[in-house]
Structures are given as structure tokens and as C-alpha cells.
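For reference, the structure is listed below as C-alpha cells.
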Amino acid sequence: MPDYKHRTIKLAPKKQGDETWGCAYRIIETSSSGWRFHKGYSYGSFGSRQEAATAALVEAKRIVDALEPLTHRPWPKPSAVLRNYENRIRRFLAWS
């Protein structure tokens, strides 16, 4: 199982009825609050098991790259925001 950007990608190549190969994948992300996963299948028919696994891995990595900005936002924590603007908020509330 390859690791990519702190996620595990599990590949499951399988021979199809027409003697070509396909590959299912599962992206597993673990955190302190638990785990979650995304599953999919490589589109197309491939002549070998290795081709199918490579196509599925490329597709899974593309999905991880698309999710990366959403899961790692460099936003400050609410406590830091309140600490920075606490005096301004108090003055505003006292004024109104």
C-alpha cells in the first residue's frame, strides 16, 4: 500500500471477464478523531495488472491533490483571532 501525503492508498487489481485488467482503489486517511476513506475504480481496460494498478494510483493521487487545499487551510485558530482583536471588539460593543 503506497503512502501519499499522509494518506494510504490501497490498490486491488482484478482481471475482468474480457481478459483485461481493472483496478479498484481506496484512499484511507487517519486522524486523531478517526478515519475516513474514498473509493473508486480506474477507468478503462488494461492489458496487464501493472498498467491497471499504475492507472489507479495516478487517479488516486490526483484526488488527494485536489483535496489537499481543503484539508490543510492555513487559517488561524479562533482563539488567536479573538486574542488579536479582543480590544477592538470590546470597544465596539461598549460603543454600541
For this session: Tell me, please, whether a residue that is open to solvent by 70 Å² or more (accessible area, probe 1.4 Å), at pLDDT 85 or above and of a type in the set (K, R) can be found in segment 69-79.
Result: no
Exercise. What single numbered condition from (1) assigned to a strand (DSSP E or B); (2) at pLDDT below 90; (3) of a type in the set (A, V, I, L, M, F, W, C) fails to hold for M1?
Worked result: (1)
Exercise. For segment 36-47, does any single residue satisfy the condition of being over 17 Å from the mean Cα position of the chain (by Cα), at pLDDT 90 or above and not small (G, A, S)?
Worked result: yes
Exercise. Taking the stated definitions as given, is E86 surrounded by 11 or more Cβ atoms within 10 Å (Cβ to Cβ) and either of a type in the set (D, E) or at pLDDT below 90 (or both)?
Worked result: no
Exercise. Is there a residue being farther than 15 Å from K61 by Cβ, open to solvent by less than 50 Å² (accessible area, probe 1.4 Å) and of a type outside the set (F, W, Y) anywhere in segment 16-23?
Worked result: yes
Exercise. Only one of (1) of a type in the set (K, R); (2) surrounded by 15 or more Cβ atoms within 10 Å (Cβ to Cβ); (3) touching a residue at least 60 places away in the same chain (Cβ under 8 Å) is not met by R26, so which one is it?
Worked result: (3)
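The values are calculated or read from the model by the stated rules, or taken from the named source; none is laboratory data. Just so you know, these numbers come straight off a predicted model, no measurement behind them. With ideal geometry, Cβ positions are generated from the backbone for all residues, glycine too; neighbour counts draw on all protein chains shown. Calculation scope for accessible area: heavy atoms of the full protein, side chains included, ligands and nucleic acids excluded. Shrake-Rupley method; radii C 1.70, N 1.55, O 1.52, S 1.80 Å.
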